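Here's the structure we're looking at; comments come further down.
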Amino acid sequence: MYNFVTHRDIPKDLRIALRDLEGIDNVEDYSIARINHLLNEYLKEQESLSSLKSYDIEYQYPEETKSRTAHFNNLEDAFVFMDRLTNYGKGSCVTLVLTQAGKPVRGYQNMKWIYPQNLYDR
């Protein structure tokens with residue numbers, strides 16, 4: 001929680017965030033209470049969006065009885081891992097599901113990619 005006492009205490013990255021999100025060019029034109037309120041709202045929003053950076057791939061080969069899970073913080077890394085599991089598009093007998101924040105994004109089964117029909121099917 002941000003509780004700055006003076007305008008000079010506000011770091012440059014937060015000043016840039018205020019400029020980009022609220023259009024505040026000069027923080028000294030606003031009361032410190034208003035700036036603290038806006039920055040705390042920004043912090044809450046960033047914390048709620050941080051869960052969207054979590055990607056999980058649950059996969060299982062037919063000869064295995066238990067599925068495995070791989071965790072990623074970057075979508076590109078998750079795609080590279082899926083490419084390796086599916087033999088770089090040549091086909092594989094693996095079954096996998098990619099989820100973002102616990103919601104399925106795509107799957108792979110019987111050498112075919114499976115996508116949700118629309119955003120509301122997630």
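Annotations for the structure displayed:
- Qualifying residue in the range 29-52 (condition: in a strand (DSSP E or B), under 30 Å from residue 95 (Cα atoms) and not β-branched (Val, Ile, Thr)): no
- Among the residues of the range 32-79, those identified as under 30 Å from residue 7 (Cβ atoms) and of a type in the set (A, V, I, L, M, F, W, C) are 32, 33, 35, 38, 39, 43, 49.
- Contact map, the range 96-108: residues that are among the charged types (D, E, K, R) paired with residues that are not in a loop (DSSP other than H, G, I, E, B), Cβ distance under 7 Å, separation 6+ or inter-chain. Pairs shown: 106/98; 106/113; 106/114.
- Verdict on residue 85 being closer than 30 Å to residue 15 by Cβ and either touching a residue at least 12 places away in the same chain (Cβ under 8 Å) or among the charged types (D, E, K, R) (or both): no
- The residues on offer are 31, 67, and the sole one that is assigned by TED's automatic domain parsing to the domain that holds residue 107 and either surrounded by 10 or more Cβ atoms within 10 Å (Cβ to Cβ) or of a type in the set (Lys, Arg) (or both) is 67.
- Among the candidates 98, 38, residue that is surrounded by 10 or more Cβ atoms within 10 Å (Cβ to Cβ) and within 30 Å of residue 11 (Cα to Cα): 38
- Any hit, the range 66-79, residues being among the hydroxyl-bearing types (Ser, Thr, Tyr) and not in a loop (DSSP other than H, G, I, E, B): yes
- Any hit, the range 78-87, residues being in the same structural domain as residue 116 (by TED's automatic domain parsing), at pLDDT below 90 and farther than 21 Å from residue 116 by Cα: yes
The values are calculated or read from the model by the stated rules, or taken from the named source; none is laboratory data. Being a predicted model, the structure only gives us computed values, none of them experimental. Neighbour counts run over all protein chains shown; Cβ positions are idealised from the backbone, glycine included.
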